[in-house]
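Taking it in order: structure first as structure tokens, then the write-up.
Just so you know, all these numbers are worked out from the coordinates, no wet-lab data involved. Note that this is a predicted model, so its numbers are computed, not measured. As a convention, Cβ positions derive from the backbone with ideal geometry for all residues, glycine included, and neighbour counts pool all protein chains shown.
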Amino acid sequence: MINSEEFLSLESCWDRLEKTEKPIFIYGMGDGCLKLLKELDRRKIPVSGIFASDEFVRGHYFEGHLVHRLSDIEESAVENGYDFIILLAFAAGYQELISKIDELEKKHCLIMPDTAVIGGEPFLKKHIIERFDDIERVYSLLADDKSRQTYKSVLKYKITGELKYLRECTTETDEAFESIIKLGCDETYVDLGAFNGDTVLDFAERTNYSYKEIYALEPNTRNYKKLVRNTKNLKNIYTYNCAAWSENTRLIFNTSGGRQSQVSKKGKETQASSVDSILNSKKATYIKYDVEGAEREAINGTKQTIKVHSPKLCVAVYHRLFDMFDIPLQIEKINPNYKFYLRHYPYYPAWETNLFCVPK
């Protein structure tokens, strides 16, 4: 069972920041910092400054704030006898940086408020009340204790901004493939958001290159060229310079490159296609969705494949505010014959939280 009071009894990071008398410093610049500054300003919470790692500070200003060195802030705090709060404003997805953040957290109060990748809204305690029926339903669908623990821990992180909740539910990528996905030697893989081919190559290696076919979709032209180049030696691979969508259409995508290619108001007109139309009733056995906030549309574009063939699914459920609730319920509605698993890979914040679905 899941109890709403388990979450409502927690102090939200925003309530904590509104009450504190300690100076608040934001660690990091860029989009994450902008989202935090916007929310702090909306709540009239003062910011004492912004800092970066010592090696990156060169007299820079960001949004009118002088960018300090952490060592200078620490030195001033010691001299003047005060402590301070650090708000972490950048993502950490490799172990060296994660360990650095863990060490910093041992020295200072460190909070990483959760904001959606797309939209930037923070997750609030009121959302627990508003969506509790859905939260409870998704919890009841989860197939193992690890999934249920991960679900609760990620929710607790989203409320508190405390990284300890992510640490307690983190698992390695191999665990999901070995215990849940269990790739065989006759797979037809569909990679939605194939980027430069890294996940395609990982799939091929995990199957010892004995798969049946690969379909890889990537909307960004620069990424697509890398995808083609990096996978040119693979057999039976079909690549598409298009976005995964609910129908065949044209969409505007940003052209910034990297993994964050997404539907945007500005950018380049790009082909978007449904996987159902690409496969044309052919069977897929495994589909990965990591399409920067377009997961729900991409799932709608695979409805027929999911209904008829029940492929194994891996879906990113962290891009939008309620993905962790909406996406499992969306898939269950299409095909109730799935077991659902949730895993969080080593990453700060709660990005790289993925839903795995396998036929019963």
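Remarks
- Longest DSSP-loop-exposure-free segment, GluC sites (Glu not before Pro), the chain, at most 15 other Cβ within 10 Å: 248-360
- Among the trypsin sites (Lys or Arg not before Pro) in the range 1-46, those located in a DSSP loop and surrounded by at most 13 other Cβ atoms within 10 Å of their own Cβ are R43, K44.
- FRET efficiency, 1/(1 + (r/R0)^6) with R0 56 Å, evaluated for Y238 and V78 via beta carbons: 0.40
- Rounded to 10°, Cα long-axis angle of helix 323-334 versus longest principal axis of the chain: 20 degrees
- Trypsin sites (Lys or Arg not before Pro) lying in DSSP loop within the range 196-237, provided at most 10 other Cβ fall within 10 Å: K232
- Antiparallel content of DSSP bridges confined to the range 1-110, in %, to 5: 15 percent
- Contact order for the range 165-222, expressed relative to its length and based on alpha carbon pairs under 8 Å spaced 6+ residues apart, stands at 38 percent.
- With viscosity 1.002 mPa s and temperature 20 °C, the Kirkwood radius over alpha carbon pairs of the range 5-167 converts through Stokes-Einstein to a diffusion coefficient of 125 µm²/s.
- Principal-axis analysis of the Cα atoms of the chain puts helix 132-141 at an angle of about 50° to the longest axis.
- Sorting S140, S12 from the fewest to the most surrounding beta carbons within 10 angstrom yields S140, S12.
- Spatial separation of Cα centroids for the range 280-342 and the range 31-51, in angstrom: 35 Å
- Neighbour-count ranking [beta-carbon atoms within 10 angstrom, fewest first] of L201, L355, L37: L201, L37, L355
- Kirkwood Rh, Cα atoms: Rg over Rh of the range 45-109: 0.96
- C109 versus K333: modelled label distance in nm, points set 7 Å from Cα along the beta carbon direction: 4.2 nm
- Simple Cβ-charge dipole of the range 183-316, Lys/Arg +1 and Asp/Glu -1, about Cα centre, in debye nearest 20: 280 debye
- Residue order, fewest to most surrounding Cβ atoms within 10 angstrom, among M112, M29: M29, M112
- The long axis of helix 31-42 is offset from the longest Cα principal axis of the chain by roughly 50 degrees.
- Antiparallel content of DSSP bridges confined to the range 183-316, in %, to 5: 25 percent
- Cα gyration tensor, the range 183-316 - rounded (a/c under 1.5), prolate or oblate: oblate
- For the range 158-232, the number of Lys pairs separated by eight or more positions or lying on different chains, with C-alpha atoms closer than 25 Å, is 4.
- Among I111, I98, I214, the residue with the largest mean-square fluctuation in a Gaussian network model of the chain, with springs joining Cα atoms closer than 10 Å, is I98.
- Mean-square fluctuations from a GNM of the chain, with a 10 angstrom spring cutoff on Cα atoms, peak among A92, A284, A243 at A92.
- With the simple model of a label 7 Å out from the Cα in the direction of the Cβ, E175 to K282 spans 3.5 nm.
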